[in-house]
Amino acid sequence: MTATAQPLVEATTLSKWYGQVIGLNDVTVSVPAGVTGLLGPNGAGKSTFMKLMTGQLKPSKGTIAVFGEPIWGHPHLFFRIGFCPEQDAFYESMTGLEWLTGLLRLNGLDEKSATTAAQHSLVTVDLVEAADKKIGSYSKGMRQRVKLAQAIAHDPALLILDEPLAGMDPIGRRKTIRLIKDWARAGKSVIVSSHILHEIEAMTSNILLIHNGRILAEGDVHQIRDLIDEHPHTVYIRAQHPRELARTFLEHDDVLSLKVESDAVVVQTARPDAFYSRLTDLAASSESGEIAEITSPDDNLQAVFQYLVK
């Protein structure tokens, strides 16, 4: 008979205020081991919650424990956590390998061990070819991948990833989702945020819905799937040949509307799963030229969250 597993992260009446602004409001929740998705629009409180989990912010009220211990004031827990922030903060003139090695040296590794660990993490995120290039020359997708590399380089037990797929091209997204699932199968736990349901659902079925600093719902993603699918999903695709890409999209009945810009296509689709799958296949084949970036605005979730709040 096995004992009940201890929650990975446990928050009790947790609040964070920035002056008169509420970042997180009276949150009580337990996050189990495994992969958990934190889903909500920008400004919902996702990043604040993650910064509280990682000990970067002190709670204004309540408590938060990681691995059964309060994270604030217990820096030894940092060695067990890897964090990928949403914002970039690089030394642009350093190469990817130099930056990672420097961070690992600060983490207590000697030069040889730090270099080996840095090289291994670059292999993991498929960034070996850019190891000796300056980060200032990296594309958005490469910058995202080198942030992932620093999060995993010290082999943490818990990965906390804030919008890790933002700005990636379709192939990069597919690889990163596969990586996250591989880490989970290897025994690591992952807490990953996004404002795109499709991204979270590709990684896990266990989600926390967050809006206006509160957890609105938790549990199986399929329970809210029908709600979200009632609303058209908008996708912004930056591409080499946007008009050619648009013609390809018009062949499918799940595309509700199209707008072609100078270097992009904006699509509304009724079936985001099918659309994203097709888009990734298109990017892999290069039939319609290079697809450099896909993003999805917050509008996709706003109507759903307004419904849930009511």
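Things worth noting here:
- Summed over the residues of the chain and divided among them, the accessible surface reaches 47 Å² per residue at a probe radius of 1.4 Å.
- Computed per residue of the chain from DSSP H runs no shorter than four, each worth -39500 (n - 2.57), the mean residue ellipticity at 222 nm is -10500 deg cm²/dmol.
- Beta bridges from DSSP with both residues in the chain: antiparallel share about 70 percent, rounded to the nearest 5.
- Among complete DSSP H helices in the chain, those whose alpha-carbon atoms stretch at least 15 Å along the helix's long axis and whose mean Kyte-Doolittle hydropathy reaches 0.0 are 96-106, 299-309.
- Value in Å of the Kirkwood radius, where the chain supplies the Cα pairs that are averaged: 20.5 Å
- For the pair region 77-133 and region 25-60, the centres of their Cα atoms are 25 angstrom apart.
- Kirkwood-based shape ratio for region 24-150, expressed as Rg/Rh from alpha carbons: 1.01
The values are calculated or read from the model by the stated rules, or taken from the named source; none is laboratory data. This one's a predicted model, so the numbers in the text were calculated from it and none came from an experiment. With ligands, DNA and RNA removed, areas are computed over all heavy atoms of the protein, side chains included. Shrake-Rupley method; radii C 1.70, N 1.55, O 1.52, S 1.80 Å.
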